[in-house]
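Here the structure is laid out as structure tokens; the discussion comes afterwards.
Nothing in this text is a laboratory measurement; each read-out follows from the coordinates by a stated rule. Just so you know, these numbers come straight off a predicted model, no measurement behind them. Every residue, glycine among them, receives a Cβ derived from its backbone with ideal geometry; neighbour counts consider all protein chains shown.
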Amino acid sequence: MTGGAGKNMEKHLHHETGVPYRPPVQGYAPADRVELPRAPDPLAVTAGHEQEQKKPRADAEVPLGFPRYRWLLLLGDVFLISLAIVAAIGFRVGFGWKALLYYSIGPASTLVLYPLALYIFDLYNVERVFRSWETTFRSAIAVALGTFLAVSVFYAAPLGPYGRGVMVIEASLAWYFLNLWRWSYGIVFQKTGSKVPTLILGAGFCGRTICRLLRSPLSPYEVKGFLDDNLDEIDSERYPAVMGRCDQLLTVAAGTGAHTVILAIPKNRSVRLIRTILDARLKGIDVRDMADVYEALTGRIPVRGIADQWLLFAEGFYLLRADYVQKLKRLVDFLASGLILLFMSPVIAVAVMAIKLDSPGPVFYTQERVGKDRQVFTIYKFRSMECTAETGEARWAAVKDPRVTRVGKVLRLTHIDELPQIWNIFRGDMSLVGPRPERPEFVDLLENELPYYYVRHTVKPGLTGWAQINYRYGASVEDAHIKLEYDLYYVKNMSVFLDLKILLRTVGVVLLKDGAR
């Protein structure tokens, strides 16, 4: 791009974003700004939620993500469930040691089953601590599920007494204690959580996107400001100020007490910029890449905020080349799909009869989808739409699609329409867990619109996936962009543990009807 054209483009970008244009400093490479779409972010908060925080030591380790907070929630849950068991036995039998030891054997399984149910309903997502009514509702369902599982375990292997009175009192107290614990946790967390002073290198869209994430009350970072060569001011009501040029990093860091710098310039990093960052690191400043922090905080990879080099050298993608893991995954898919087909056969039979009675046409709906290595296969579903629904060109499905039949609404609401895909898993076209397969027409469109879309085709598509448990029903290119960020996270971090995590969370998503498709 020529100099004149480049300046015009810069002015156009600044006009679009509402940020004044300022020519780049002579002799210094401008900071590249890769535009990230302005999609709603799960961690985005307003400036009103920010509070003054205690300053940590200079050598304090800054975690990526919030695992320590989840462990604290879990430890509190186990203690309070134990307290509920003791109180329930005490109210019904007495508080003597012998009675407590004897009658606690039966309900002891809830020490595992209640936390498992809480996890299924996403109640170890620390962000939900700040949503009291939603937490109250989810915890009630989780305790009910945990109690049902505990009773099932008791009747399957009765190791000790588990009376109905103890069960009801324990469940009621546990629900009350767990809600009180999360409510108290949210208040204390906001008042006492320490944060590390941080600077963001680059005030473009990448920098602003990561800034919004870091201003969450859950974030371990406190953003002091931006450094950028091209911008001298931004929307001060939404973002901190630009405090200097990139080569003033050490000076600004010393003045603000910043211990961490987040590099939000994904491309065209000049030699001088690299030297500045290296000097900062050698002076003891913790330097982190925006994409790494974004991934840890959101469970997504910012596809429009990374360069090819990041994807080439990023840690992860280990299981893509582990042949034994792929064979184990296929064995699990084969056995699990066979058992599901066997046990769900009564449900399948009822669905077949309901579809035939509701509207004329075939029971099953077939469609071409793109699978691993871009191989096209035929996917099977129970028909939930009128037979004339696909007479025109392909279009995105919608939540309230007028083409859906009466029975189809029930099938979609309960996800029973997806059951025939178990046959695709049994055959090997799909896996239980993986990115959802798309139609060839949409794949062609999305590969042109979204960078790195082809990466999701390096694994088998799945019945459920990381995007499905974390994002809503998608019906646009913008939704596909956010789902792609989740899918790339799954491909990069794929593991047996992550698959198990997705399967457990899928149960909660299906029961609460709040997932995507």
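Taking the Cβ of Asp487 as the centre, find all other residues whose Cβ is under 11 Å away and add up their charges (Lys, Arg: +1; Asp, Glu: -1).
Values: positive: Arg300, Arg436, Arg456, Lys483, Lys492; negative: Glu438, Glu485.
That works out to +3.
Spin-label model, Lys356 to Gln375: label points 7 Å out along the Cα-to-beta-carbon direction sit 3.4 nm apart.
For a protection proxy built on the mean count of beta-carbon atoms within 10 angstrom, sort 90-102, 452-464 highest first, please.
Numbers: 90-102: 13.0, 452-464: 21.4.
Ranking the peptides 90-102, 452-464 by packing returns 452-464, 90-102.
Suppose R0 equals 41 Å; then what is the FRET efficiency for Asp444 and Ala296 from their Cβ-Cβ distance, rounded to the nearest 0.05? Show your work: numbers first, answer last.
Values: r = 33 Å, r/R0 = 0.79.
It comes to 0.80.
Work out how much length Asp401 to Asp308 would gain on full extension: take 0.36 nm times their residue separation and subtract the Cα-Cα distance, in nm to one decimal. Could the numbers behind the result be given before it?
Numbers: separation 93, 0.36 × 93 = 33.48 nm, distance 3.85 nm.
Taking 0.36 nm per residue and subtracting the Cα distance, the gain is 29.6 nm.
Computed FRET efficiency, Cβ-Cβ of Phe95 and Tyr176, R0 30 Å: what is it to the nearest 0.05?
Values: r = 19 Å, r/R0 = 0.64.
Calculated transfer efficiency: 0.95.
Using only side-chain charges placed at the Cβ, +1 for Lys and Arg and -1 for Asp and Glu, the dipole size of the stretch 194-313 relative to its Cα centre rounds to 180 debye. What the Cβ-Cβ distance of Leu320 and Tyr155 gives, at R0 = 30 Å and to the nearest 0.05, is a FRET efficiency of 0.10. Sites listed here are GluC sites (Glu not before Pro) in the stretch 310-388 whose DSSP assignment is loop and whose Cβ has at most 14 other Cβ atoms within 10 Å: Glu315. Here the Karplus relation 6.51 cos²θ - 1.76 cosθ + 1.60, evaluated at θ = phi - 60°, turns the backbone of the stretch 99-114 into coupling constants of 5, 5, 5, 6, 7, 8, 5, x, x, 4, 5, 5, 5, 9, 6, 5 Hz, with x for every Gly and Pro. At q = 0.10, 0.11, 0.12, 0.15 Å⁻¹ the log10 of I(q)/I(0) for the stretch 67-191 amounts to -0.30, -0.36, -0.43, -0.65, computed by Debye summation with a single uniform scatterer per C-alpha, solvent ignored. Figure legend: label point modelled 7 angstrom from the Cα of Ala349 along Cα→Cβ; residues of the stretch 409-435 with amide N under 19 Å from it are 416-417, 419-420, 423.
Figure the gain on full extension for Leu342 and Cys387 (residue separation times 0.36 nm, minus the Cα-Cα span) and round it to one decimal in nm.
Working: separation 45, 0.36 × 45 = 16.20 nm, distance 2.87 nm.
Contour length minus the Cα-Cα distance gives 13.3 nm.
Net charge in the neighbourhood of Val459 (other residues with Cβ under 10 Å of its Cβ; Lys, Arg +1, Asp, Glu -1) is +2. When the pairs Lys195/Lys372; Lys224/Lys501; Lys267/Lys483; Lys372/Lys501 are compared against a 32 Å limit on Cα-Cα distance, Lys195/Lys372; Lys224/Lys501 fall above it.
In percent, what relative contact order does the stretch 215-337 have, based on Cα pairs under 8 Å that are 6 or more apart in sequence?
Details: 94 pairs, mean separation 19.6, N = 123.
So the answer I get is 16 percent.
Taking 0.36 nm per residue of separation and subtracting the current Cα-Cα distance, fully stretching the chain between Ile274 and Phe148 would add 39.6 nm.
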